Amino acid sequence: MTVRWYVGSDHAGFALKRHLCEVLRSLGDEVNDLGTENEQAVDYPDFGAAVGRAVASARGPALGLVICGTGVGIGIAANKVPGVRCALCTEAFTATAARAHNDANVIALGARVIGAGVAEACLRAFRDTTFEGGRHARRVGKLNTLDDAARGS
Ligand code: RB5
């Protein structure tokens with residue numbers, strides 16, 4: 001199945017972003033690269049927020065990929081956007097569980113923490129796993145309630 005992606009990184013994640021965008025395109029996915037466009041220093045919150053907003057407001061199913069040096073800062077930024085459930089992953093088991101149990105819709109990776117091979121394994125696991133629902137739906141529903149509170153609705 002083709003997946004629509006919104007992708008962003010800071011300068012530390014730029015090279016890994018470029019590689020992973022190619023991986024996703026080779027799988028036939030739609031890739032919307034929201035920057036950054038080179039290794040000149042930028043601020044990770046700008047790109048995490050851009051990806052978060054794009055995923056949260058997308059019409060139809062969409063996933064996000066955010067990358068910085070550790071994956072921490074850009075993942076925090078993405079998670080500030082109501083509707084985003086961003087998971088920082090350093091191995092494929094967490095990436096699988098993040099989709100299956102948490103219905104995560106954005107994956108964060110740390111380009112200074114993991115190599116391209118592990119990053120690709122995380123991304124493929126995230127892409128190829130679907131939400132299990134069931135008991136997990138109740139818990140994700142409670143996350144959505146927290147989002148509603150943050151929106152003030
Ligand atoms: C940039 O030097 C670095 O702080 C950033 O990429 C990231 O690791 C922050 O969480």
Most packed first (mean Cβ within 10 Å per residue), the peptides 135-148, 94-107, 14-27 order as 94-107, 14-27, 135-148
When all Cα-Cα pair distances of the chain are considered, the percent exceeding 19 Å is 48 percent
In degrees, nearest 10, the alpha-carbon axis of helix 116-127 is tilted away from the dominant principal axis of the alpha carbons of the chain by 30 degrees
Excluding ligands, DNA and RNA, the carbon-plus-sulfur percentage of the accessible area of segment 2-80 with a 1.4 Å probe reads 48 percent
Under the Karplus relation with 6.51, -1.76 and 1.60 and θ = phi - 60°, whole-Hz ³J(HN,Hα) for segment 95-110, x at Gly and Pro, equal 4, 5, 5, 4, 7, 5, 9, 9, 6, 4, 10, 9, 10, 10, 10, x
Given a 1.4 Å probe, the accessible area of segment 1-114 per residue, as a whole number of Å², is 45 Å²
Computed over the chain: longest principal axis from alpha-carbon atoms vs helix 135-151 long axis, angle to nearest 10 degrees, is 80 degrees
Taking Lys and Arg as +1 and Asp and Glu as -1, residues besides VAL81 with C-beta under 11 Å from its C-beta add up to +3
Treating only Lys and Arg (+1) and Asp and Glu (-1) as charged, each at its beta carbon, one finds that the chain has a dipole about its Cα centre, in Debye to the nearest 20, of 560 debye
Under 5 Å from the placed amide H of VAL31, counting only residues 5+ away or on other chains, we find TRP5
Residues meeting the amide H criterion for ILE107 (H placed from the backbone, H to H distance under 5 Å, 5 or more places apart or on another chain) are GLY64, LEU65, VAL66, ALA87
Most packed first (mean Cβ within 10 Å per residue), the peptides 76-85, 29-38, 47-56 order as 47-56, 76-85, 29-38
For the GLU37, VAL118 Cβ pair and Förster radius 25 Å, calculated FRET efficiency rounded to 0.05 is 0.50
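For LYS80 and GLU132, compute 0.36 nm times the residue count separating them, minus their Cα-Cα distance, and round to one decimal in nm.
Residue separation times 0.36 nm, minus the Cα-Cα distance, leaves 16.3 nm.
The values are calculated or read from the model by the stated rules, or taken from the named source; none is laboratory data. These numbers were taken from a predicted model, which means no experiment stands behind them. Cβ atoms come from the backbone with ideal geometry, glycine included; neighbour counts cover every protein chain shown. With ligands, DNA and RNA removed, areas are computed over all heavy atoms of the protein, side chains included. Shrake-Rupley method; radii C 1.70, N 1.55, O 1.52, S 1.80 Å.
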